[in-house]
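The values are calculated or read from the model by the stated rules, or taken from the named source; none is laboratory data. All figures in this text were calculated on a predicted structure; none of them were measured in a lab. All Cβ positions, glycine included, derive from the backbone under ideal geometry; neighbour counts span all protein chains shown. Keep in mind that these areas ignore ligands, DNA and RNA; they rest on the heavy atoms of the full protein, side chains included. Shrake-Rupley method; radii C 1.70, N 1.55, O 1.52, S 1.80 Å.
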Amino acid sequence: MTVLRRFSKSQMAAHFIGSISGMMLMITGLSITFNQQLGWVIDLLGGSAISMLLHRIFATILILSFSYFGTYIVLDRITSGRRDSNISFSPSFFIRLIRDMIDDILWTFGLRKERPKAGKYDWIMVADIFGMPTLALIEIITGAIMWFPATFLVENPMLFFTFRTIHVGVAIFLVLFVLAHTTILHMAPGNFPVNMSIFSGKISEKKAKIEHEEWVSLAERVEEKEPEVRMSLAGYFAGVVSCAVILLIAITTTLMASEGMAGLRIVESEGIYGVVAAVGLNLAIIILAIYIVVSVVALVKGVSD
Amino acid sequence: MAGKTVIALVSAIVALVSISPLIPALMESAELGGDYIAKNSYRDLSPELRQQIYSSVSELNNSVNGVVLVALIFAALFVVLLTVIEYYKFYKIYKLHESGEEK
């Protein structure tokens, strides 16, 4: 069997730099926002001044990669067309995505006989591809306003707090988004412990036939030994833990309340609810740190292979 | 190939231009333990003006807090549901595949 060329070097680099800087932004940002639950992270990083400096350094890296790869992808698409990608900007494409989503969920629950056939990117991947940069752009804009209040908020400096609430709200959603992305695309059966295709740029033909049937005939073939994917007990354990952390963070959002200019705060910081919030946030930080290490190891392995 | 190089070059220029204002700002922030308050501080405004600004934004801020919180709670619950469904989908796909029921 052969393997198929799935991602270009630019796509691999965009994913790696964007994910590492994004996850570092979440670690430094969450610890600043929820310092009562995550004060140890600030201490570990060397204090609040260094945490803020690191947050700005990783924001700069994110903006650099966002502008570089954003421009690259747009220009490449204009000059070379969509090649083997199924993503288009026509209404029919988005209608099909919605139909695929419904059919996919119906099939999962046994309410439909056939699973919809996906192209290079299935509906959830397209949601990731469009959703992640959109949310990152909101964070970049609100973050830049807060970084330079004297430039952007000359007329009404108090709007700083409004933009901070939006920045924090989207950041918490992004944490959930990243945890969901990794649970589905890296922790799920067939992918655990890590979906190597985004790190090596290649995917086994067997796996591609299962997940991206319509794309297989369009893909470039590479003669290489096909990696064997097996699901282990550790994989199921990691999946359950990952889903549990997402649930805990979701519950934590229900423990938050508006505190005027102070923005959104966890109001129940004591008792069982306080424990839920503390456990959820701390596990999220630990998992993000693990993902950073795994991403580096996977990239080294993917490139060396 | 030449086309790719041009695209990479244009992208690099765009990226460098986009972060160029941030580099001097990072250097300022690098003075650890130094002044983190913007030079154009709100302290320069008169108490009356500050009160006026505070009142106008306070209402807006409470509305934004409410909207962001509700959106966040619904989005979070949606993400939880979708993650569990998608994880189960992959489990089902590979279970069927291993048993030979799905080719």
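Taking region A:196-235, which residues are within 17 Å of B:His97 (Cβ to Cβ), modelled with pLDDT of 90 or more and open to solvent by 80 Å² or more (accessible area, probe 1.4 Å)? Listed by number, the residues that qualify are A:Lys209, A:Glu213.
Of the set (1) farther than 30 Å from B:Ser46 by Cβ; (2) in contact with an Asp or Glu (Cβ under 9 Å, 6 or more places away or on another chain), all apply to A:His186 but (2).
Listed by first and then second residue, the pairs with beta-carbon distance under 9 Å, at least 6 apart or on different chains, first residue in region B:42-67 and under 15 Å from A:Asn156 (Cβ atoms) and in a helix (DSSP H, G or I), second modelled with pLDDT of 85 or more and of a type in the set (Val, Ile, Thr), are B:Val57/A:Thr162; B:Leu60/A:Thr162; B:Asn61/A:Thr162; B:Asn61/A:Thr165; B:Val64/A:Thr162; B:Val64/A:Thr165; B:Val64/A:Ile166.
Of everything in region A:132-181 that's at the interface with chain B (Cβ under 10 Å from one of its Cβ atoms) and polar (S, T, N, Q), which residue is most open to solvent (accessible area, probe 1.4 Å)? The extreme case among them is A:Thr151.
Within region A:182-195, being of a type in the set (S, T, N, Q) and either part of a loop (DSSP other than H, G, I, E, B) or open to solvent by 10 Å² or more (accessible area, probe 1.4 Å) (or both) holds for A:Thr182, A:Asn191, A:Asn195. Remark: pairs (first residue in region B:1-20, free of Cβ contacts under 8 Å to residues at least 60 places away in the same chain and at the interface with another protein chain (Cβ under 7 Å from one of its Cβ atoms); second residue charged (D, E, K, R) and surrounded by 13 or more Cβ atoms within 10 Å (Cβ to Cβ); Cβ separation under 7 Å; 6+ apart in sequence or on different chains) = B:Ile7/A:Asp76.
Residues are listed down the side, and each one gets a yes or a no for (1) open to solvent by less than 60 Å² (accessible area, probe 1.4 Å); (2) in contact (Cβ under 8 Å) with a residue 60 or more places away in the chain; (3) small (Gly, Ala, Ser):
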| position | (1), (2), (3) |
| --- | --- |
| A:Leu264 | yes, yes, no |
| A:Ser269 | yes, yes, yes |
| A:Gly274 | yes, no, yes |
| A:Ala277 | yes, yes, yes |
| A:Leu281 | yes, yes, no |
| A:Ala289 | yes, yes, yes |
| A:Val296 | no, yes, no |
| A:Val303 | no, yes, no |
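Of the residues that make up region B:58-67, is at least one within 30 Å of A:Leu179 (Cβ to Cβ), at pLDDT 85 or above and hydroxyl-bearing (Ser, Thr, Tyr)? Checking region B:58-67: at least one residue is within 30 Å of A:Leu179 (Cβ to Cβ), at pLDDT 85 or above and hydroxyl-bearing (Ser, Thr, Tyr). Of all residues in region A:218-229, none that is closer than 21 Å to A:Ala118 by Cα has its Cβ atom under 6 Å from the Cβ atom of a residue that is at pLDDT below 80 and among the acidic types (Asp, Glu), 6 or more apart or on another chain. Evaluate region A:243-260: report whether one residue or more is at pLDDT 90 or above, farther than 18 Å from A:Leu283 by Cβ and either among the hydrophobic types (A, V, I, L, M, F, W, C) or more than 20 Å from the chain's Cα centre (by Cα) (or both). Scanning region A:243-260, I find at least one residue that is at pLDDT 90 or above, farther than 18 Å from A:Leu283 by Cβ and either among the hydrophobic types (A, V, I, L, M, F, W, C) or more than 20 Å from the chain's Cα centre (by Cα) (or both), so the answer is yes. Restricted to region A:1-120, the set of helices (runs of 4 or more DSSP H) holding at least 1 residues that are in contact with a strand residue (DSSP E or B) (Cβ under 8 Å, 6 or more places away or on another chain) and open to solvent by 20 Å² or more (accessible area, probe 1.4 Å) comprises A:35-45. Does region B:61-81 hold any residues that are of a type outside the set (Gly, Ala, Ser) and within 7 Å of another protein chain (Cβ to nearest Cβ), and which are they? Answer for region B:61-81, where residues must be of a type outside the set (Gly, Ala, Ser) and within 7 Å of another protein chain (Cβ to nearest Cβ): B:Asn61, B:Asn62, B:Val64, B:Asn65, B:Val68, B:Leu69, B:Leu72, B:Ile73, B:Leu77, B:Val79, B:Val80.
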